[in-house]
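Notes follow once the structure below has been shown.
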Amino acid sequence: MALEIPKTSYSGKIREIRLGKGDKSITVGGETAYPFYLFEGGIPNLPKIAMEVYDSPPEEWPEAALEPFAGVTDDPVAWAKKCINDYGAEIICLQLISTDPNGLDRGADEAAEVVKRVADAIDIPLIVWGCSNEEKDTEVLRKVSEVCQGKNLIIGPVGEGDHKKIGASAIGYHHTVIASTPIDVNLAKQLNILLGNLGVPDDSLIMDTTVSSIGYGIEYCYSVMERARMAGLTQQDEKLQFPVICNIGKEVWKAKEVKIAEKEDPKLGDARKRGILMEAISAMILLLAGADVLIMRHPEAIKLVQEMIAELTAE
Amino acid sequence: MPLTGIEIFKSLPKTNCGECGVPTCLAFAMNLATGKAELSACPYISDEAKAKLEESSAPPIRPVIIGVGDRALKVGGETVMFRHEKRFENHPGFAILISDTMEESEVDSRLDRCKQLQYQRVGLTLRPELVAIKDDSGDAAKFEDLVNKVKQSNQCNIILMSSNPDILAAGLKVCADQKPLLYPADKNNLDRLADLAKANSCPVAVKASTLEELTQLTAKLTESGVKDIVLDSGARTVRQAFEDQIIIRSAALNKKSHSLGFPTIVFPCEMTNDPIKETVIASVFVAKYGGIIVLSDFQGHSLFPLLVERLNLYTDPQRPLATTEGIYEIGGPDENSPVLITSNFSLTYFIVSGEIEASKVPTYLLIKDTEGLSVMTSWAAGKFVADTIAPFVKKCGITDMVKHHKLIIPGYAAAESGGLEEELPGWQILVGPREGTHIPAYLKAWKP
């Protein structure tokens with residue numbers, strides 16, 4: 001009896017969107033099959049990894065995560081350049097941690113000025129991620145949109161509560177919007193509809209369905225992403241046919257398991273390798289669930305995941 | 001495809017004798033269809049009908065057990081391609097490779113790591129379950145010695161690996177009672193391995209060079225009477241092995257392929273020489289359908305993330321993991337430390353306890369049994385309300401552990417603060433933050 005290779009029947013396609021401007025812009029999305037199911041369909045654009053840069057020196061990072069960026073953590077421009085020149089970053093994600101009202105509470109003008117400096121200093125796509133406080137993000141991201149007009153930044157998180165104001169300024173100043181929802185495929189779809197109604201073009205929207213590290217509920221994120229991809233590819237759900245972005249690095253490196261020294265708990269092994277592996281494995285399974293852009297921290301974890309993307313798509 | 005009650009009914013004697021425990025054959029058929037009854041309860045069913053029904057009721061992917069006793073590993077038995085469709089049933093086993101050409105000290109330290117590397121999480125013990133003993137020496141006596149050593153010193157289940165059936169037989173002499181997995185049966189030794197497997201009632205892994213060949217070999221093994229089979233498609237590139245896992249799972253579930261309806265074995269240890277990369281490769285097969293995952297070594301920094309990933313993806317989506325009710329002391333709290341209470345959804349517990357640790361403020365965290373529901377859900381369901389929280393706070397013993405009597409409740413349960421002050425005389429109820437990320441700032445500002 002000959003073996004019959006089963007095939008999924010796909011009826012949809014993930015939209016392609018272009019991140020950034022000019023020669024170094026990057027296109028993501030466009031899949032016509034489940035992640036890496038190359039025997040069933042195409043992946044015209046491989047998933048991409050963005051490297052994190054913080055707009056103020058990180059305070060709680062374990063040594064393993066700080067070491068690769070020694071000397072530049074107090075200068076976002078130098079940090080971004082180091083990511084590009086030393087680690088070959090293709091996308092930068094500027095995390096506007098300093099704007100958090102529960103932290104430094106830096107004002108919108110000052111934050112936007114930093115974004116502008118980074119945006120002007122690099123020629124690769126720039127993601128700008130706010131502090132996840134809706135009021136503050138509205139203020140800051142609108143200012144960012146304005147001062148970086150036409151650069152096609154990727155800005156977010158944009159949630160149901162702040163989608164109108166941030167969405168409108170992103171439309172006006174030509175940026176891509178990150179539609180963020182809390183681990184629920186229906187909420188994700190609803191926000192995409194709302195942003196569409198507002199006038200955000202289909203090729204300027206990327207979804208963030210919320211992610212967490214292994215050990216911290218990644219299974220929920222994984223299944224929501226799988227369901228969204230399934231709806232988009234096999235159930236003709238056009239409002240879920242958007243590429244997905246995962247801000248995973250910061251989730252992994254805040255877990256207590258990456259901070260425990262080997263001498264505190266020898267069974268957990270080398271702390272540096274453990275942190276890198278927790279980040280790489282978290283990112284890897286998000287890729288298997290449908291991530292198009294991963295925001296990551298450690299250069300070695302990034303390299304591992306890039307090698308895996310290459311292996312999974314090798315001829 | 002499982003049969004319906006009516007289809008099963010057609011094959012039953014239709015005598016309504018009642019000896020199976022229900023009054024009619026139709027009722028019995030309905031119970032069979034829903035898995036509430038066993039076919040063996042019917043004393044009059046014909047052998048022919050029995051064979052037919054057993055075949056159609058067999059799971060699409062056969063569960064295979066390696067080893068004996070409490071620690072035996074069950075793999076296979078999967079029913080879905082995606083975990084949200086139902087759940088993944090039996091998590092893959094991790095195996096450490098031990099060769100009979102390794103130095104004795106290396107063997108000892110590997111066996112020691114098998115025993116030591118166990119982790120407690122949400123009331124469960126996470127541990128690897130297999131040792132793959134590989135014949136590299138070609139010397140049956142040497143192999144036998146190593147198998148004996150593993151058997152004596154270890155509590156892991158065993159995979160015997162040799163291309164020479166005589167050497168496998170030598171290993172079996174020592175550990176047949178442990179029901180090891182024999183690896184590999186291929187086109188050259190299939191009959192011999194089938195005999196060994198049957199004589200010792202052991203599962204056997206088939207190795208082919210293509211999926212096509214794999215189906216032929218398992219069909220032959222099945223014909224010869226071997227039931228417990230594990231599949232190795234032979235792929236040793238990540239891409240090919242990944243695709244093979246998906247095709248095998250899908251062929252068994254969607255095309256009812258009996259010859260591929262078995263768990264798989266994969267070898268990340270043969271796909272790279274870099275142990276760190278090997279770990280990431282293994283993580284792919286945890287998610288995508290590996291049954292047994294053979295690693296070149298176990299180290300805490302690589303095994304722990306894999307065990308946690310496996311725990312996560314094999315959690316039943318319909319039954320959230322729960323943490324045990326009680327008082328959790330974080331950072332060495334004393335009588336002046338803050339007291340927080342939250343639900344016993346394990347994710348809530350991990351996030352809240354993680355944030356408390358990050359705050360470096362020694363704290364008592366009370367975990368109330370909410371049947372694994374999160375704060376908002378359990379509050380809405382009446383399981384995290386004043387009437388249930390107050391009795392728990394009274395009896396858990398926290399009253400004698402702190403001087404102040406101030407209880408911090410989650411922001412999402414703020415509506416309970418009034419009720420709690422009534423139910424807990426002498427306690428002051430404080431409404432804490434809604435989100436875990438705001439806990440450190442809250443605790444740092446807290447004064448008894």
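Just so it is clear, none of the values below were taken in a lab; they were calculated from the coordinates. Please read all numbers here as calculations on a predicted model, not as lab measurements. Cβ coordinates were reconstructed from backbone atoms using ideal geometry, including for glycine residues, and neighbour counts include every protein chain displayed.
Assorted remarks:
- Shielding by partners for peptide A:292-305, expressed as the average number of C-beta atoms from other protein chains within 10 Å of each residue's C-beta, is 1.
- Note: relative contact order over segment B:5-57, using C-alpha pairs below 8 Å and six or more positions apart, is 35 percent.
- Sequence-distant lysines (8 or more away, or on other chains) whose Cα lies within less than 22 Å of A:Lys189: A:Lys13, A:Lys164, A:Lys165, A:Lys239
- Set B:Lys255/B:Lys288; A:Lys21/A:Lys143; A:Lys116/A:Lys254; B:Lys10/B:Lys86 screened for pairs whose C-alpha atoms are more than 24 Å apart: A:Lys116/A:Lys254; B:Lys10/B:Lys86
- Span-rule helices in chain A, defined as complete DSSP H runs reaching 18 Å or more along the axis (Cα) with Kyte mean at least -1.0: A:108-121, A:185-198, A:218-234, A:271-289, A:299-312
- Peptide A:271-283 has a mean shielding of 5, counted as Cβ atoms of other protein chains within 10 Å of each residue's Cβ.
- Length released on extending from B:Asp47 to B:His405, taking residue separation times 0.36 nm less the Cα-Cα span: 121.7 nm
- Neighbouring partner chain Cβ atoms per residue of B:26-32, average, 10 Å criterion: 0
- Of B:Tyr314, A:Tyr34, the sequence from fewest to most neighbouring Cβ atoms within 10 angstrom is B:Tyr314, A:Tyr34.
- Divided by 2.2 N^0.38 Å, where N counts the residues, the Cα radius of gyration of segment B:311-448 comes to 0.99.
- Distance in nm between pseudo-label sites at B:Ala441 and A:Ser9 (7 Å out along the Cβ direction from Cα): 5.3 nm
- D by Stokes-Einstein for segment A:158-226, Kirkwood Rh over Cα pairs, 37 °C, 0.692 mPa s: 265 µm²/s.
- Mean residue ellipticity, 222 nm, helices only, chain A: the sum of -39500 (n - 2.57) across DSSP H runs of n ≥ 4, divided by residue count and rounded to 500, is -12000 deg cm²/dmol.
- Bridge orientation summary for segment B:326-445: considering DSSP beta bridges with both residues in this region, about 30 percent are antiparallel.
- Neighbour counts of C-beta atoms inside 10 Å place A:Val211, A:Val305 in the sequence A:Val305, A:Val211, starting with the fewest.
- Contour minus Cα-Cα distance for B:Ser153 and B:Leu430 (0.36 nm per residue): 94.3 nm
- Approximating the spin labels as points 7 Å out from Cα along Cα→Cβ, the B:Lys394-to-A:Thr27 distance works out to 6.9 nm.
- Cα gyration tensor shape for segment A:65-212, rounded if a/c is under 1.5, else prolate or oblate: prolate
- For chain A, the gyration tensor built on C-alpha atoms gives an oblate shape. Its axis ratio a/c (a ≥ b ≥ c) is at least 1.5, and a/b is not larger than b/c.
- Relative contact order of segment A:16-312, defined on C-alpha pairs under 8 angstrom at six or more residues apart (%): 19 percent
- Between A:Asp270 and B:Gln116, the distance separating the two model label sites (each 7 Å from Cα on the Cα→Cβ line) works out to 1.6 nm.
- 0 to 90° range, to nearest 10: angle between helix B:165-175 axis and chain B longest Cα axis: 50 degrees
- Nearest 10 degrees, 0 to 90: helix B:47-57 Cα axis against chain B principal axis: 50 degrees
- Applying the criteria of a DSSP loop state and at most 12 other Cβ atoms within 10 Å to the GluC sites (Glu not before Pro) of segment A:1-100 yields A:Glu4, A:Glu59, A:Glu60.
- For the protein assembly as shown, the extents of the C-alpha atoms along the principal axes are 79, 69, 60 Å, listed from largest to smallest.
- The number of Lys pairs in segment B:326-445 with C-alpha atoms less than 14 Å apart, excluding pairs fewer than 8 positions apart on the same chain, is 5.
- Taken over segment B:64-313, the ratio of Cα radius of gyration to 2.2 N^0.38 Å equals 0.94.
- Each stretch of four or more DSSP H residues adds -39500 (n - 2.57); spread over every residue of chain B, this sum gives -12000 deg cm²/dmol at 222 nm.
- Sorted largest first, the spans of the alpha carbon positions of segment B:50-207 along the three principal axes are 47, 44, 24 Å.
- Computed E for A:Asp123/B:Ile65 - FRET, C-beta separation, R0 45 angstrom, nearest 0.05: 0.20
- Ellipsoid fit via the Cα gyration tensor, segment B:5-57: semi-axes of 15, 12, 10 Å, each the root of five times an eigenvalue, largest first.
- Residues listed by number, segment B:286-323, amide nitrogen under 18 Å from A:Phe39 label point at 7 Å toward C-beta: B:286-292
- For segment A:163-315, alpha-carbon Rg and Dmax in angstrom: 17.3, 55
- Here the Gaussian network model covers chain B, with springs between Cα atoms less than 10 Å apart; of B:Gln299, B:Gln152, B:Gln245, B:Gln152 fluctuates the most.
- Relative contact order computed over segment A:194-276 (Cα-Cα under 8 Å; 6+ residues apart), in percent: 26 percent
- Principal-axis tilt of helix B:190-200 within chain B, Cα atoms, nearest 10 degrees: 60 degrees
- Residue exposure proxy: A:Ile26, A:Ile193, A:Ile245, ordered by other Cβ atoms within 10 angstrom of their Cβ from fewest to most, comes out as A:Ile193, A:Ile26, A:Ile245.
- Anisotropy class of chain B from Cα gyration tensor, a/c 1.5 cut: oblate
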